[in-house]
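As structure tokens, the structure follows; a few thoughts come after it.
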Amino acid sequence: MCGAVRYEARGESFSIAHCHCHSCRKNNGGPVVTLAGYLKSQVTFSGKQRSFYASSPGVLRAFCSNCGTPLTWEGDAGELGPVIELHVSTFDDPEAMVPTAHAFYPERISWFEVADDLPRHEGFPEDSVVLCHGPAKR
């Protein structure tokens, strides 16, 4: 928000997804968060050092200590190795970061639904089953 922490993500992301998990929602303060995932080696940071919060075992969430803006989810993604998932609204051009899936759909807040036809996954899109496409039926 303030621009003190900057980053560059090089190459293609392995995932751009809406995450409905309890932890991401708590961190973001909203009913869903949209993240773009990159291998750790694809992302470099500059400017002010980011601050970290260890939100669960093996997971760090970075934020700007100046303005408090949430920046990343960072952890090990199994076969992919260390990854950094960046909040898409922190990109210079968030319009270019088009989501392709929903993650942790069973954890969503029941009164919030995104009106798209993207697949809704049980967990991370890279390694979980698709529960449905499009909004839940009421």
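The values are calculated or read from the model by the stated rules, or taken from the named source; none is laboratory data. What you are looking at is a predicted structure, and each value in this text was computed from that prediction instead of being measured. No Cβ is skipped: glycine too gets one built from the backbone with ideal geometry, and neighbour counts run over all protein chains shown.
Please verify whether Ser55 is closer than 27 Å to Ala136 by Cα, of a type in the set (Gly, Ala, Ser) and modelled with pLDDT under 95, treating the condition exactly as stated. No, not satisfied. Restricting attention to segment 36-68 and to residues that are surrounded by fewer than 18 Cβ atoms within 10 Å (Cβ to Cβ) and β-branched (Val, Ile, Thr), the residue that is nearest to Ala4 (Cα to Cα) turns out to be Thr44.
Every residue, every condition in (1) touching a residue at least 12 places away in the same chain (Cβ under 8 Å); (2) touching a strand residue (DSSP E or B) at 6+ places or on another chain (Cβ under 7 Å); (3) surrounded by fewer than 18 Cβ atoms within 10 Å (Cβ to Cβ); (4) under 16 Å from Glu12 (Cα atoms), yes or no:
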residue	(1), (2), (3), (4)
Ile84	yes, yes, no, yes
Ala103	yes, yes, no, no
Asp117	yes, yes, yes, no
Leu131	yes, yes, yes, no
Ala136	yes, no, yes, no
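Against the list (1) in a loop (DSSP other than H, G, I, E, B); (2) hydrophobic (A, V, I, L, M, F, W, C); (3) over 27 Å from Pro135 (Cβ atoms), the condition Val114 fails is (3). Residues that are within 12 Å of the chain's Cα centre (by Cα) and not small (Gly, Ala, Ser) within segment 1-26 comprise Phe14, Ile16, His18, Cys19, His20, Cys21, Cys24, Arg25, listed in sequence order. You will find that of Thr72, Thr90, the residue that is closer than 17 Å to Arg6 by Cβ, touching a Lys or Arg at 6+ places or on another chain (Cβ under 7 Å), surrounded by 11 or more Cβ atoms within 10 Å (Cβ to Cβ) and of a type outside the set (A, V, I, L, M) is Thr72 and no other.
Residues of segment 48-65 being outside any strand (DSSP E or B) and not hydroxyl-bearing (Ser, Thr, Tyr), which ones?
Within segment 48-65, Lys48, Gln49, Arg50, Pro57, Gly58, Cys64 qualify.
So, Gly75, is that one small (Gly, Ala, Ser), at pLDDT 95 or above and more than 13 Å from the chain's Cα centre (by Cα) or not?
No: the conditions fail for Gly75.
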